[in-house]
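Undergrad: Here it is, the structure, as structure tokens.
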2 protein chains.
Amino acid sequence: MSYSIITISRMFGSGGRTIAKAVAEQLNIPFYDKELIELVAEKSGFHPEFVEERGEHSPFTTTLGYAFIGRDHRGVSSEDLLWQAQCQVIEELASKGPCVIVGRCADYLLRDREDALHVYIYAEKSYRAKRIVEMYGETDVKPEKRLDEKDKKRRVSYDYYTGRNWGHPANYNMILNSGKLGIDETVKLIVEAYQTLHS
Amino acid sequence: MSYSIITISRMFGSGGRTIAKAVAEQLNIPFYDKELIELVAEKSGFHPEFVEERGEHSPFTTTLGYAFIGRDHRGVSSEDLLWQAQCQVIEELASKGPCVIVGRCADYLLRDREDALHVYIYAEKSYRAKRIVEMYGETDVKPEKRLDEKDKKRRVSYDYYTGRNWGHPANYNMILNSGKLGIDETVKLIVEAYQTLHS
């Protein structure tokens, strides 16, 4: 097997985005984050902020009011349209060559590509709670509640659009516990797997 | 964090035992398998074959007849006594120095040891079914059913004795999909994590 694409799924606060960025830097391949958001915004007509905020939501994770306003006469929600645009952009980006893509069900969208290394980053809640306070500061909402809310949105959206279970080993090649291994070692293991199997 | 012990939990047919043996050989540290069984047999008085066969079972996974015969007047089953002997032997072996231990809830027993690297080996059913036929030959029972039965016993036993969920990311540092990564690469990643963090 020869890898060229890396998809990184991650629990909120696990350091997944930081890890993905470092992996891409070490391998000297593109890391699609802001660029992905801009391309989806361009394709869909939605505002980049909306794409960033809602790109990992399903119609069931929005507020009730929004869910109604956001549906057209065929019952298609804004999230559904966003999902379609995201699918196209991710497939286009992956067809360009080696890259790292974070979240947004990329592991599912690229599930038939033999050259995709699918990684899921996990960490205990205590580790993630500490990390989000360090990274994003405190808010009125307790960090544990912020984690639960964000992960629930990601999980519901993933399960809704893919029909699979978020975080299930069957979907990934590696599940790494960044809280136990540390960020640097997690990066190293992904780089190692990619380099060995990339040709 | 500095690692000295590696525990490897595995789905039946995932190649976990082969991987554990190769990891121990490459790191030149003991691999406790037959020796563990003999020590448990010695400590418990059970026959080594019984220890090997039942060491990853709980009272709920034995046949009904056996479960009744195997209980003493206090309601303690043979599996419970075996579990106690296994706990002691695993703790003793781990206290001797670096080693690799396969299965037998070692990840749970050594959960408080900061120097233990806990690995879970996963693979899809189709990969495992093919592998057990290659490794152990065909039987009257379909390979998929053999996998289900063996994994159910391991899962029920693990959950019963540990109060945790077998295969849940929280229990491990790494979950590696040997079917997708290949046996050699899986070995390499474990060796890499151990060597980097071992001092």
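The values are calculated or read from the model by the stated rules, or taken from the named source; none is laboratory data. From a predicted model like this one, the values you see are computed outputs, not experimental measurements. Note that we place each Cβ from the backbone using ideal geometry, even for glycine, and neighbour counts take in every protein chain shown.
Undergrad: All but one of (1) more than 7 Å from chain A (Cβ to nearest Cβ); (2) surrounded by fewer than 21 Cβ atoms within 10 Å (Cβ to Cβ); (3) more than 19 Å from A:LEU197 (Cβ to Cβ) hold for B:ASP184; which doesn't?
TA: Failing condition for B:ASP184: (3).
Undergrad: Taking only the range B:56-101 into account, find how many residues are at pLDDT 65 or above, part of a helix (DSSP H, G or I) and in contact with a Pro (Cβ under 6 Å, 6 or more places away or on another chain).
TA: Total meeting the criteria: 1.
Undergrad: Kindly establish whether A:THR7 is modelled with pLDDT of 85 or more, in contact with a His (Cβ under 6 Å, 6 or more places away or on another chain) and either closer than 22 Å to A:GLU192 by Cα or not polar (S, T, N, Q) (or both).
TA: Yes; evaluated as a whole, the condition is true for this residue.
Undergrad: Among (1) surrounded by fewer than 19 Cβ atoms within 10 Å (Cβ to Cβ); (2) in contact with a helix residue (DSSP H, G or I) (Cβ under 6 Å, 6 or more places away or on another chain); (3) more than 14 Å from chain A (Cβ to nearest Cβ), there is one condition B:GLU124 misses while meeting the rest; what is its number?
TA: Evaluating B:GLU124 over (1) surrounded by fewer than 19 Cβ atoms within 10 Å (Cβ to Cβ); (2) in contact with a helix residue (DSSP H, G or I) (Cβ under 6 Å, 6 or more places away or on another chain); (3) more than 14 Å from chain A (Cβ to nearest Cβ) leaves (3) as the failure.
Undergrad: Follow-up. What are the residues in the range B:127-151 that are within 14 Å of chain A (Cβ to nearest Cβ) and touching a Pro at 6+ places or on another chain (Cβ under 9 Å), if any?
TA: Matches in the range B:127-151: B:ARG128 only.
Undergrad: Exactly one of these conditions fails for A:ALA170: (1) in a helix (DSSP H, G or I); (2) at pLDDT 95 or above. Give me its number.
TA: So the condition that A:ALA170 fails would be (2).
Undergrad: If a residue must be touching a residue at least 24 places away in the same chain (Cβ under 8 Å), hydrophobic (A, V, I, L, M, F, W, C), touching a Lys or Arg at 6+ places or on another chain (Cβ under 9 Å) and at the interface with chain B (Cβ under 9 Å from one of its Cβ atoms), how many such residues does the range A:152-181 contain?
TA: Residues meeting the conditions: 1.
Undergrad: Among what's in the range B:187-199 and is of a type in the set (A, V, I, L, M, F, W, C) and farther than 10 Å from B:GLY15 by Cβ, pick the residue that is surrounded by the most Cβ atoms within 10 Å (Cβ to Cβ).
TA: This residue is B:ILE190.
Undergrad: So is B:ILE190 more than 7 Å from chain A (Cβ to nearest Cβ) and out of contact with any Ser or Thr (no Cβ under 8 Å at 6 or more places or on another chain) or not?
TA: Here the answer is yes, as B:ILE190 does meet what is asked.
Undergrad: To continue, here is another question. Under the condition of being more than 10 Å from every other protein chain (Cβ to nearest Cβ) and part of a loop (DSSP other than H, G, I, E, B), which residue from the range B:111-121 is nearest to the chain's Cα centre (by Cα)?
TA: Here the answer is B:ARG111.
Undergrad: Residue check, A:TYR161 against (1) touching a strand residue (DSSP E or B) at 6+ places or on another chain (Cβ under 8 Å); (2) outside any loop (DSSP other than H, G, I, E, B), all met but one. Which one?
TA: (1)
Undergrad: Okay, moving on. Under 8 Å by Cβ, and 6 or more places apart or on different chains, what pairs join a residue from the range A:89-109 that is farther than 18 Å from A:TYR161 by Cα with one that is at pLDDT below 90 and crowded, with 21+ Cβ neighbours inside 10 Å?
TA: Listed pairs, sorted by first residue: A:LEU93/A:LEU36.
Undergrad: Quick one: in the range A:154-181, which of the residues that are surrounded by 19 or more Cβ atoms within 10 Å (Cβ to Cβ) and of a type in the set (Lys, Arg) is nearest to the chain's Cα centre (by Cα)?
TA: A:ARG154
Undergrad: Quick check, is B:LEU197 within 14 Å of another protein chain (Cβ to nearest Cβ), touching a His at 6+ places or on another chain (Cβ under 9 Å) and among the aliphatic types (A, V, I, L, M)?
TA: Taking the combined requirement at face value, the residue does not satisfy it.
Undergrad: Now, a different point. Can A:ARG131 be described as outside any strand (DSSP E or B) and either more than 19 Å from A:ARG17 (Cβ to Cβ) or under 17 Å from the mean Cα position of the chain (by Cα) (or both)?
TA: no
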